Amino acid sequence: MKFHRETEMELIALAADRSIFLEGNLIRLVESEYTDFQTYLKSALDNDKEKRKQRLEVTKQVQTQNKDLEKKAKENDRLMSELKEALEAAEVAKQRIENDLDVLQRRTQFELIGNIVQIALWVIVGVGVVVTLMYFFAMYSGSSEKTLIGNTWSNLFGILLTNSFSIIGTIMGVKYASEQKDQK
């Protein structure tokens with residue numbers, strides 16, 4: 001394939017002014033009888049080889065970077081998966097601990113309520129026994145105060161029963177309120 005001499009001169013001028021050359025397999029097909037254009041074609045061929053080399057290097061570099069990015073993406077996915085598993089395990093452990101704490105608090109509350117009721121009942125029984133013994137002692141000893149002690153004994157038992165029911169009612173109310181709060 002041959003170019004017109006004017007086209008050859010324009011291509012040589014374009015290369016000199018702007019460093020723009022013919023590229024690709026077309027260079028190998030062009031023939032010329034002028035040495036200046038043959039020099040241009042040799043320069044164009046060398047320039048084309050250099051640009052191809054550069055493009056190949058860029059392509060290899062991009063491929064290497066893509067491989068690295070793929071490896072890092074896989075590593076990132078693996079880490080995210082492990083993080084999700086750890087988060088799920090932490091959530092399960094948190095739920096278990098919250099349940100254990102709730103059971104412990106309820107047991108402690110139940111034991112405290114039981115202790116309060118037990119002590120209150122012992123006090124009530126103790127006062128009742130002491131006052132009853134005093135009343136029997138006054139009756140057998142022939143004391144003139146047995147009417148006063150009898151009335152006191154009667155009033156005291158009424159107060160003790162009222163207080164015991166009050167204590168038990170208060171404790172049951174607190175227990176009921178705490179159960180309602182837990183259900184919410």
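All of the numbers you see were taken from the coordinates with simple rules; none came from a lab. Keep in mind that what you see is a predicted model, and the values were worked out from it rather than measured. Using ideal geometry, Cβ is built from the backbone for each residue, glycine included, and neighbour counts are taken over all protein chains shown.
Of all the Cα-Cα pairs you can form in the chain, what percent are over 26 Å apart? In whole percent, the share of Cα-Cα pairs in the chain beyond 26 Å is 72. Per residue of the chain, the DSSP helices (runs of n ≥ 4 H) give a summed -39500 (n - 2.57) that works out to -33000 deg cm²/dmol at 222 nm.
For segment 38-140, the Kirkwood hydrodynamic radius comes to 22.9 Å, computed from all pairs of different C-alpha atoms.
At full extension, Glu50 and Asn115 could sit 13.9 nm farther apart than now, given 0.36 nm per residue minus the alpha carbon distance. A full extension of the chain between Phe165 and Arg28 corresponds to an added length of 37.9 nm, given 0.36 nm per residue minus the alpha carbon distance.
How far, in degrees from 0 to 90, does helix 5-18 lean away from the longest principal axis of the Cα atoms of the chain, to the nearest 10? Between helix and principal axis, roughly 40 degrees. Could you give the angle, 0 to 90 degrees to the nearest 10, between helix 35-141's Cα long axis and the longest principal axis of the Cα atoms of the chain? Here the helix axis deviates by roughly 0 degrees.
What is the ratio of the Cα radius of gyration of segment 19-98 to 2.2 N^0.38 Å, where N is its residue count, to two decimals?
Ratio of Rg to 2.2 N^0.38 Å for segment 19-98: 2.46.
What is segment 1-144's relative contact order, in percent, from Cα pairs under 8 angstrom and six or more apart in sequence?
Working: 33 pairs, mean separation 20.7, N = 144.
It rounds to 14 percent for segment 1-144.
A DSSP coil position with no more than 13 other Cβ atoms inside 10 Å describes the following GluC sites (Glu not before Pro) in segment 32-120: Glu33.
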